[in-house]
Amino acid sequence: MVERPPLDEDRRLAYLEAMGVSVWEPRASLPVSAEPLVVEPASVAAATDMPTATAPVAREVPPAVVDERPVTAERSVSPEIVSPPESMSFPLPDWEEEADYSPALLDEWEAMGHPPTTEAEAVNPIERMDWNTLGATVRGCRACRLWETRTKTVFGTGDRRADLMIIGEAPGAEEDSQGEPFVGRAGQLLTRMLAAIGFSREQVYIANVLKCRPPGNRDPKPDEALACQAYLHRQVALIEPRVILSVGRISAQHLLKTETPVGQLRGRWFDYGPARIPLRVTYHPAYLLRSPEQKAKAWEDLTEVKRRL
Ligand code: URA
Ligand code: SF4
């Protein structure tokens, strides 16, 4: 077993880099398409507490973090540590107390000459993993405390070459016991929503921000989402979906690094990550089960996604 790297500042930064914290910050920017912003009919807006026009929301989206580096395998070798955007209020995890990396990840580090001593060596092994290694790494992951209470990790399911990728929040009880995302009640609604635009579960790829269930279905903590994000980034990079559908507040706010309410994030396109993948936000099916009157809006979101594909 490889020892943990000492936590002097350089190595801590290198380790954060390796976990994808600074290398692969998703960028939110305003509509990628030339289409005008969708303006809600007054009657729909009146039924909610949303503003009628969506344009003012633009100011709440954090400034784009521009990554001019070419998208190549070398992308992961960062010439400098790029600070997260100010809007990203996530506290950094306490690596000494909490991080306990998967044996598969530590093996990768060792093969690369772990621990890194120069910036050039601070390559994120997760960014280069194939599906098998990535899956094994997640199964053995102890990078946040959720490993202690999970039954199974929930990696993701579906077509690894899908055009459409769905990103939810975190496993619930049913997902935790089966090891598959979106199989509980909310998941069954998601499956029907996808069917309504002509997709089976097998034709899309479904994953979550977190791979392990937060106990009692509490909201994921920011440090948990941060610890887990390199896995999701790698999944997105391997799949290269044409469109991402982010379902629910936690997913949308994490992916777009914003605290804007989900009702204001839906209704327009964002682009996500270095590949600038078109991303659309919609309500979480668990919310739709409680608030079925919002299904019409979710339907609008889904038809926009379908149109884009
Ligand atoms: N809710 C989610 O966000 N993801 C799941 O996998 C299940 C429920
Ligand atoms: Fe690892 Fe993610 Fe599970 Fe935390 S939630 S233990 S980071 S796989």
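Summary of computed values
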{"quantity": "Qualifying residue in region 219-238 (condition: under 20 Å from ASN124 (Cα atoms), outside any helix (DSSP H, G or I) and touching a strand residue (DSSP E or B) at 6+ places or on another chain (Cβ under 7 Å))", "calculated": "no"}
{"quantity": "Only one of ASN217, ASN208 that is touching a Pro at 6+ places or on another chain (Cβ under 8 Å) and touching a residue at least 40 places away in the same chain (Cβ under 8 Å)", "calculated": "ASN208"}
{"quantity": "Answer residue from region 273-309, given it is polar (S, T, N, Q) and surrounded by 14 or more Cβ atoms within 10 Å (Cβ to Cβ) and is farthest from ALA170 (Cα to Cα) among those", "calculated": "GLN294"}
{"quantity": "Of all residues making up region 142-167, the number that are in a helix (DSSP H, G or I) and among the charged types (D, E, K, R)", "calculated": "2"}
{"quantity": "Inter-residue pairs, beta-carbon under 6 Å, first on the phi > 0 side of the Ramachandran plot and in region 232-256, second surrounded by fewer than 24 Cβ atoms within 10 Å (Cβ to Cβ), 6+ apart", "calculated": "GLY248/HIS284"}
{"quantity": "Only listed residue being surrounded by fewer than 17 Cβ atoms within 10 Å (Cβ to Cβ) and at pLDDT 95 or above, chosen from ARG128, ARG145, ARG139, ARG150", "calculated": "ARG139"}
{"quantity": "Looking only at region 164-202, and only at residues there that are in contact (Cβ under 8 Å) with a residue 40 or more places away in the chain and within 16 Å of ligand 2 (Cβ to nearest atom), the one that is farthest from the chain's Cα centre (by Cα)", "calculated": "ALA173"}
{"quantity": "Complete set of residues in region 190-218 that are assigned to a helix (DSSP H, G or I), surrounded by fewer than 19 Cβ atoms within 10 Å (Cβ to Cβ) and of a type outside the set (Val, Ile, Thr)", "calculated": "ARG192, ALA195, ALA196, GLU202, GLN203, PRO215, GLY216, ASN217"}
{"quantity": "Any hit, region 155-166, residues being near ligand 1 (Cβ under 9 Å from one of its atoms), among the aromatic types (Phe, Trp, Tyr), within 27 Å of ILE277 (Cα to Cα) and at pLDDT 95 or above", "calculated": "no"}
{"quantity": "Breaking point among (1) more than 12 Å from ligand 1 (Cβ to nearest atom); (2) at pLDDT 95 or above; (3) not in a loop (DSSP other than H, G, I, E, B), for GLU97", "calculated": "(2)"}
{"quantity": "Residue within region 140-158 that is within 19 Å of LYS306 (Cα to Cα) and more than 11 Å from ligand 2 (Cβ to nearest atom) present", "calculated": "yes"}
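The values are calculated or read from the model by the stated rules, or taken from the named source; none is laboratory data. Keep in mind it's a predicted model, so treat the numbers as computed, not measured. Every residue, glycine as well, gets a Cβ built from its backbone with ideal geometry; the counts of neighbours run over all protein chains shown.
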